[in-house]
Number of protein chains: 2
Amino acid sequence: MDIKNAKAQMRKGVLEMCVLAVIAERETYPPEIVERLRGTNLFIVEGTLYPLLIRLKNDGLVDYIWREGSQGPPRKYFNITDTGRQFLQELTDSWQELVESVAQTLYGAADEKPASKKSSAKKTPPALNIEPMPPSGE
Amino acid sequence: MDIKNAKAQMRKGVLEMCVLAVIAERETYPPEIVERLRGTNLFIVEGTLYPLLIRLKNDGLVDYIWREGSQGPPRKYFNITDTGRQFLQELTDSWQELVESVAQTLYGAADEKPASKKSSAKKTPPALNIEPMPPSGE
DNA sequence: TGAAGGTACCTTGCAATACAAGGATACTTT
DNA sequence: AAAGTATCCTTGTATTGCAAGGTACCTTCA
C-alpha cells in the first residue's frame, strides 16, 4: 500500500466527473482531454480515458462526431448532452458533499449540527480493562 | 451508471484515509468507527471496514489490542502507529492536491500559473471541417 | 437449564474502475 | 516504399466498496 496506489484509488469516480466537466466546457477530443487534465495535475492515460468515454457515451451523457482536420487522422469530437449536464450537476453536488464530509472527519467538525437525531451520549471514552488477548489467537 | 454508484466510486481510497484519521484521533473499535464516520455523512459498512482494517494492520499503519469490557464480547481496539501517522499525512496532502485539482477543473483555473511549461498556444478552438463520419462505422 | 437476543468479529462473491501494455488505422515525411 | 506520428481502441491485472452471510461471546429470562 504505497502512496501512488492510494492516489490512484482516490481518483476513482472523480475522473469521470472531470472528463465530463472538460467536455462540458467545450467540444474536444481525447488527446486534448488528456492535455487539459494534465494542466490541472489530473493525469489520465489513454487506457483509462477511452473506456470511460465509451461508458459516458453508452449512458447518453456525451455524444461525438467525427471530424477531419487538415492534418493527421480524423478525430472523435465529444460534446456533452443535456442529460450529461444534469448528471454533471449531480456529480459535482456529491463531490462537494464528500469534500465537506472528509474535511469534517480530518479536521474535526467545523460546526456540528446541534439538532442531532437520537444519540447525544456518544463520545464515551474507552476506559476499560487491559487484558491483552482474550480470545484465541489469530 | 447512476449517482449511487458514482458516489461509491468517489469514495474509493478516501475511506482508508478517513478510517485512519478516526483511529488517529483516539483509540477506537470497529463499530465505533462506523458510528463516528456516519456522524460526518461518511457511511461505511462492516464488509468494507474489516478488510480495510486488516490491510492497515498488515501494512503496519495501525495496531490493535484486545480489551474486555464489563459487558458483551471483547473488542479489538485500534491505535495508529508512527508509520501510520506519516502515511496519513501523505494521504491528506494528496487529498488536498486532488481537491484543488478538481476545483480547478470544475470551476476553471482560479489562478493559472502564468509561467507555463512549453505550450502557450493550446486553446486552439476546434474549427475544422464537418464531415460527419469519415472512417468505417462503429 | 437452555433458548433467544444482542454485540462484535470476519469471510466470500460480485461489480466497478484505473492502469500498463499492446495493437490497429490513417496520414505525413523522407 | 519505409519510417514516423497521431489517433483510436482492447485486454488483462490489481484494487476497492458492498451485500450477504457466518461464527463466537455474552446477557437475559422463562
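Observations, loosely collected:
- The one condition from (1) more than 8 Å from every other protein chain (Cβ to nearest Cβ); (2) surrounded by fewer than 19 Cβ atoms within 10 Å (Cβ to Cβ); (3) in contact with a Ser or Thr (Cβ under 7 Å, 6 or more places away or on another chain); (4) of a type outside the set (Asp, Glu) that residue B:78 does not meet is (2).
- Selection within the stretch B:26-60 - among the aromatic types (Phe, Trp, Tyr) and assigned to a helix (DSSP H, G or I): B:50
- The stretch A:46-60, residues that are of a type outside the set (D, E, K, R) and touching an Asp or Glu at 6+ places or on another chain (Cβ under 9 Å): A:52, A:56
- Residue within the stretch A:55-67 that is of a type in the set (S, T, N, Q), touching a strand residue (DSSP E or B) at 6+ places or on another chain (Cβ under 7 Å) and within 16 Å of DNA strand D (Cβ to nearest atom) present: no
Rundown of residues vs (1) among the hydroxyl-bearing types (Ser, Thr, Tyr); (2) within 9 Å of DNA strand C (Cβ to nearest atom); (3) buried (at least 21 other Cβ atoms within 10 Å of the Cβ), yes/no style:
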residue: A:8; (1), (2), (3): no, yes, no
residue: A:11; (1), (2), (3): no, yes, yes
residue: A:19; (1), (2), (3): no, yes, yes
residue: A:22; (1), (2), (3): no, no, yes
residue: A:25; (1), (2), (3): no, no, no
residue: A:32; (1), (2), (3): no, no, no
residue: A:35; (1), (2), (3): no, no, no
residue: A:39; (1), (2), (3): no, no, no
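- Taken over the stretch B:1-37, the criterion of being more than 17 Å from residue A:94 (Cβ to Cβ) and basic (Lys, Arg) is satisfied by B:26, B:36.
- Filter result (surrounded by 19 or more Cβ atoms within 10 Å (Cβ to Cβ) and touching a residue at least 40 places away in the same chain (Cβ under 8 Å)) within the stretch A:92-106: A:95
- Extreme residue, nearest to DNA strand C (Cβ to nearest atom), among residues of the stretch B:41-73 that are within 20 Å of residue B:92 (Cα to Cα) and facing chain A (nearest Cβ under 7 Å): B:55
- Residue within the stretch A:74-85 that is charged (D, E, K, R), within 26 Å of residue B:92 (Cβ to Cβ) and outside any loop (DSSP other than H, G, I, E, B) present: no
Only the coordinates and a few stated rules stand behind these numbers; no lab work does. Because the structure is predicted, anything quoted here is derived from the model rather than measured. Cβ coordinates were reconstructed from backbone atoms using ideal geometry, including for glycine residues, and neighbour counts include every protein chain displayed.
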